[in-house]
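For reference, the structure discussed in these notes is given below.
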Amino acid sequence: MDRTFALIRDKAAGGAVLDIGASPFYLLDRALQAGATRCDGIYFANDTHPMRSIPQIYSRSGKINLVHSNIETEDLPYEADSFDVVAACEVLEHLENFPARFAREVRRVLKPGGLLCVTVPNVSSIGNILKLMMQRNIYYKYRSDPSGRHRHEYTSRQLQALFRYIGLDLVKAGYFPSPTSHLTWLRPAYRAIAVTPVIRNYSPVLFAVGRMPDRKPDAAFGPPPPELYTEDLSIED
């Protein structure tokens, strides 16, 4: 998460930051430390989540406003041009459908000149390749809370296509070692992969940062990018 925060630090300082999928709120705590004037977190879990009715929490650095929301079915509860930074770290892979509402709402709430920062699992990661070679399944097992499963992992080309669809100018895109791996002995290998030319394309995590143009796009969204969406039906000819 330190690497992710470094991508938005300068913009977060003195600005308003929204983290979609915020729990455990580390990114927002770092933003407050850096001087953010407002930090909001959106998270979605099952209906029995113990924090569902809590409107804010307090970190060591200040207040974080909370909203429980399903970003696939609900609009974000904010006015237009509310945030200097919007982040979505390890979120989009959990969505059931193409993130059309996410794209529309990010464009709406992000200020002109604001930044969107997204991280997602890399479907062509070395871990997935090795699993397939060992005849292991790269897909998640069925779980009691299905919102935690990965529905669609991304390639770098697909992630950048999503940013173009939103209407953002791409600032930076690249690869991270796994930020959440519990296998500590693998972390040095992940770090080496992430900085090695060619091989870094197989790192576990993709990131992209895009800037909203000073004149925000006002045209209606067109069809989803073909890199991410098809109109094919599940019907055999």
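Going by what's in this entry, would Val91 be described as modelled with pLDDT of 95 or more and crowded, with 17+ Cβ neighbours inside 10 Å?
For Val91, the condition - modelled with pLDDT of 95 or more and crowded, with 17+ Cβ neighbours inside 10 Å - is not met.
From the set of residues in the range 125-149 that are farther than 19 Å from Asn97 by Cβ and open to solvent by less than 50 Å² (accessible area, probe 1.4 Å), which is modelled with the lowest pLDDT?
Gly127
With respect to Ser234, determine if the residue is more than 17 Å from Leu170 (Cβ to Cβ), hydroxyl-bearing (Ser, Thr, Tyr), at pLDDT below 90 and open to solvent by 100 Å² or more (accessible area, probe 1.4 Å).
Criteria met by Ser234.
Just checking, how many residues over the range 1-15 are open to solvent by 10 Å² or more (accessible area, probe 1.4 Å), modelled with pLDDT of 85 or more and hydrophobic (A, V, I, L, M, F, W, C)?
3
Answer with yes or no whether Asn128 is free of Cβ contacts under 8 Å to residues at least 40 places away in the same chain, over 14 Å from the mean Cα position of the chain (by Cα) and under 30 Å from Tyr78 (Cα atoms).
Taking the combined requirement at face value, the residue does not satisfy it.
Counting just the residues of the range 169-218 that are assigned to a loop (DSSP other than H, G, I, E, B) and modelled with pLDDT of 90 or more, which one comes out nearest to Val85 (Cα to Cα)?
Met212
Output the qualifying pairs, or none if there are none: Cβ atoms under 6 angstrom, residues six or more apart or on different chains, first residue in the range 47-70 and of a type outside the set (Lys, Arg), second residue surrounded by 10 or more Cβ atoms within 10 Å (Cβ to Cβ) and at pLDDT below 80.
As it stands, the answer is His68/Arg52; Asn70/Phe44, since those pairs meet every condition given.
Need pairs with beta-carbon distance below 9 Å; first residue over 19 Å from Tyr43 (Cα atoms) and within the range 95-124, second assigned to a loop (DSSP other than H, G, I, E, B) and β-branched (Val, Ile, Thr); sequence gap 6+ or separate chains.
Qualifying pairs under 9 Å: Asn122/Thr155; Val123/Ile138; Val123/Thr155; Ser124/Thr155.
Within the range 161-169, is there a residue that is over 25 Å from Leu76 (Cα atoms), charged (D, E, K, R), surrounded by fewer than 18 Cβ atoms within 10 Å (Cβ to Cβ) and touching a residue at least 60 places away in the same chain (Cβ under 8 Å)?
No, that holds for no residue.
For the range 86-102, name all the residues that are more than 12 Å from the chain's Cα centre (by Cα), not small (Gly, Ala, Ser) and not in a loop (DSSP other than H, G, I, E, B).
Matches in the range 86-102: Arg101 only.
Do we have Glu105 as acidic (Asp, Glu) and part of a loop (DSSP other than H, G, I, E, B) here?
Here the answer is no, as Glu105 does not meet what is asked.
So which strands (runs of 3 or more DSSP E) are wholly in the range 18-83 and hold at least 3 residues that are open to solvent by less than 50 Å² (accessible area, probe 1.4 Å)?
38-43, 62-68
For the range 1-44, which residues satisfy the criterion of being in contact with a helix residue (DSSP H, G or I) (Cβ under 7 Å, 6 or more places away or on another chain), more than 28 Å from Thr73 (Cα to Cα) and small (Gly, Ala, Ser)?
Ala34, Ala36
The values are calculated or read from the model by the stated rules, or taken from the named source; none is laboratory data. What you are looking at is a predicted structure, and each value in this text was computed from that prediction instead of being measured. All Cβ positions, glycine included, derive from the backbone under ideal geometry; neighbour counts span all protein chains shown. Heavy atoms of the whole protein, side chains included, go into the accessibility calculation; ligands, DNA and RNA do not. Shrake-Rupley method; radii C 1.70, N 1.55, O 1.52, S 1.80 Å.
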